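Here the structure comes first, spelled out in structure tokens, and everything after it is commentary.
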Amino acid sequence: MIFRDRMEAGRLLATALQAHTVIDPIILGLPRGGVAVAAPIASALDAPLDVLVVRKIGAPGQSELAIGAVTARGTCVWNEPVLQALGVTVAEQSALAAKASTEAINREQRLRAARPPLVLRHRSAVLVDDGVATGMSMQAALVDAWRLQPRAVIVAAPVIPTDSYEHLCAHATLVVALTVPTGFNAVGQYYLDFAQVADDDVVALLTGGARTI
């Protein structure tokens with residue numbers, strides 16, 4: 001399945017979510033691309049749209065290789081097999097986590113601005129991204145969301161590879177994906193238009209000032 005853009009993927013995900021009973025949902029996009037997918041879902045479900053900020057933690061000297069992820073609230077998860085394979089030291093882990101945590105906090109301040117803190121207690125938190133690769137960011141978001149005592153935590157993404165899908169299913173109330181490939185290279189290969197989403201675009205979506213990205 002190939003999506004025209006993130007908005008189309010969001011509309012298709014909204015239809016898939018409507019096949020399930022989601023009580024009192026709040027739609028949380030993972031910045032930045034996830035918010036563009038989350039916006040049409042929030043509209044279709046008549047639910048509030050917000051963000052849950054996560055920063056990937058890249059390996060030393062290989063920033064694109066995810067070895068972990070951290071949220072703006074400090075929830076951190078690690079890919080232990082990769083850490084061991086690369087020989088990442090405890091000191092390196094600590095330094096990388098601190099840097100990513102600072103970046104996550106700064107991004108949350110930019111994106112959420114004067115928005116009140118997230119309140120998920122007794123609500124259904126729907127975590128949305130434009131696609132899942134290693135799953136580290138979504139795993140961190142899942143742990144973070146559960147700590148806020150929601151009724152349920154639902155993961156929704158247009159594409160989730162099989163191994164990540166199985167892992168997320170073990171920790172989420174429900175996982176909704178439009179395609180679950182066994183062969184996977186990158187999220188972008190499932191979109192005709194996968195242009196970068198800027199922080200300003202995210203703010204516009206959150207304030208209702210943008211219709212399409």
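Just so it is clear, none of the values below were taken in a lab; they were calculated from the coordinates. Just so it is clear, the structure is predicted and the values come from calculations on it, not from any experiment. Positions of Cβ are backbone-derived with ideal geometry, glycine not excepted, and every protein chain shown enters the neighbour counts.
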Check: Looking at the stretch 105-161 from every direction and averaging, what is the projected area of its Cα convex hull in nm²?
Finding: 4.4
Checklist line | Difference of contour (0.36 nm per residue) and Cα-Cα distance, ALA98 to GLN62 | finding: 11.3 nm
Check: Kyte-Doolittle mean at least 0.0 and Cα extent at least 15 Å along the axis: which DSSP H helices of the chain qualify?
Finding: 6-17, 33-45, 136-146
Next item on the list: Please state the charge dipole magnitude for the chain, taken about the Cα centre, from unit charges on C-beta atoms (+1 on K and R, -1 on D and E), reported in debye and rounded to the nearest 20.
Entry: 520
Margin query: Per-residue counts of other Cβ atoms within 10 Å, averaged by peptide: what ranking do you get for 175-182, 83-90, highest first?
Written below: 175-182, 83-90
Item checked: Most positive-pole-ward Cα, PRO40, GLY135, VAL187, against dipole of the chain from beta carbon charges -> PRO40
Check: So for the chain, what are the equivalent ellipsoid semi-axes in whole Å, largest first, each being the square root of 5 times an eigenvalue of the Cα gyration tensor?
Finding: 25, 19, 17
Checklist line | Pairwise FRET efficiency - THR21 versus ASP199, Cβ, R0 = 30 Å, nearest 0.05 | finding: 0.30
Next item on the list: Could you go through the stretch 57-63 in sequence order and give the Karplus-derived ³J(HN,Hα) for each residue, using 6.51 cos²θ - 1.76 cosθ + 1.60 with θ = phi - 60°, rounded to whole Hz, and x for Gly and Pro?
Entry: 9, x, 5, x, x, 9, 4
Item checked: Potential lengthening between MET1 and ALA114 on full extension [0.36 nm per residue; Cα-Cα distance subtracted] -> 36.9 nm
Check: Sorted by mean Cβ packing within 10 Å, highest first, what order do the peptides 196-205, 31-40 take?
Finding: 31-40, 196-205
Margin query: Based on alpha-carbon atoms only, what is the radius of gyration of the stretch 55-112 relative to the globular estimate 2.2 N^0.38 Å?
Written below: 1.11
Next item on the list: Would you mind listing how long the stretch 2-103 runs along its three principal axes, going by Cα atoms, in whole Å with the largest first?
Entry: 46, 30, 22
Checklist line | Ratio of the Cα radius of gyration of the stretch 7-52 to 2.2 N^0.38 Å, where N counts its residues | finding: 1.02
Check: For the stretch 96-193, what D do you get in µm² per second when you plug the Kirkwood radius from alpha-carbon pairs into Stokes-Einstein at 25 °C and 0.890 mPa s?
Finding: 167
